[in-house]
Amino acid sequence: GGRLFVIADVMGKGVPAALYMTLTKGLLASVAEEQSDPGEILREVNRHLYEACRKKVFVTLFLGVLDPATRTLSYARAGHNPTVWRSPLRNATELLRPAGMGLGLNQGKIFNASLKVATLQLEPNDALFFYSDGITEAMNVKQEEYGEERLMAAAQQTDKLTASAALTAIMDDVKNFLGSIAPQDDQTLVVLKVG
């Protein structure tokens, strides 16, 4: 039993996206009680979501399972933005982008074949930044996107900060980048720091 971390985004037609998000959360919770492998969890969730919605919705999602005892993260990505991994010890900032497509688009054959599960050995003070595309696709007055490069650069500045301070610093950076422009989309950011 590791700890589950999830960030997700719903693209839905008809029924409000909030309802699909509730359904996805419920599916995740029930499947995760039986399964701890990210690949197994997402394959099951995809199957149920497809049966319930028949292609009317798709959900992008990044799921990580952290074993606190060994600091091992196993993770899978269903079409979602890659998570930023910052390691001060290794002085590395990388995007975690294993292959995978959105949930609910097909019954499972293509989804299952495309999905890859990866693992990562985390070190003390490592940080993970899970985010929605409202952050990286935020566009300023010059029609420039905030983008992954800027996000990675901002993440590098947070080594000495707590998770909540790191989150505030990055959201401020996005706000400064946008200037007088209001965010065009939901901006979700989750920061996980390794103790």
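In nm, to one decimal, how far is the residue 185 label point from the residue 11 one, both placed 7 Å along Cα→Cβ?
About 0.9 nm, to one decimal.
Would you please put 76-86, 24-34, 122-132 in order of how densely packed they are, using the mean number of other Cβ atoms within 10 angstrom per residue and starting with the highest? Mind showing how you got there, number by number?
Numbers: 76-86: 23.1, 24-34: 15.2, 122-132: 20.1.
The densest-packed peptide leads the list: 76-86, 122-132, 24-34.
Among 59, 170, 130, flag the residue with its Cα farthest along the positive direction of the charge dipole of the chain, charges on Cβ as +1 for Lys/Arg and -1 for Asp/Glu.
With unit charges placed on the Cβ atoms, the residue in question is 59.
Using helices alone, I'd like the mean residue ellipticity at 222 nm for the chain: each DSSP H run of four-plus residues gives -39500 (n - 2.57), total over residue count, nearest 500.
Calculated at 222 nm, the ellipticity per residue is -11000 deg cm²/dmol.
Could you work out what % of the accessible surface of the chain is carbon and sulfur, using a 1.4 angstrom probe and leaving DNA, RNA and ligands out of the count? Walk me through the numbers on the way to the answer.
On the way: 5010 of 9760 Å².
Roughly 51 percent, rounded to a whole number.
What does the accessible area per residue of the stretch 49-88 come to in Å², with a 1.4 Å probe and no ligands, DNA or RNA counted? Before the final figure, lay out the partial values.
On the way: 1330 Å² over 40 residues.
Ligands and nucleic acids excluded, the result is 33 Å² per residue.
The values are calculated or read from the model by the stated rules, or taken from the named source; none is laboratory data. As the structure is a prediction and not an experimental result, all values here were calculated from the model. Because the Cβ atoms are built from the backbone with ideal geometry, glycine has one as well, and the counts that use them run over all protein chains shown. Side chains included, ligands, DNA and RNA excluded: accessible areas come from the protein's heavy atoms. Shrake-Rupley method; radii C 1.70, N 1.55, O 1.52, S 1.80 Å.
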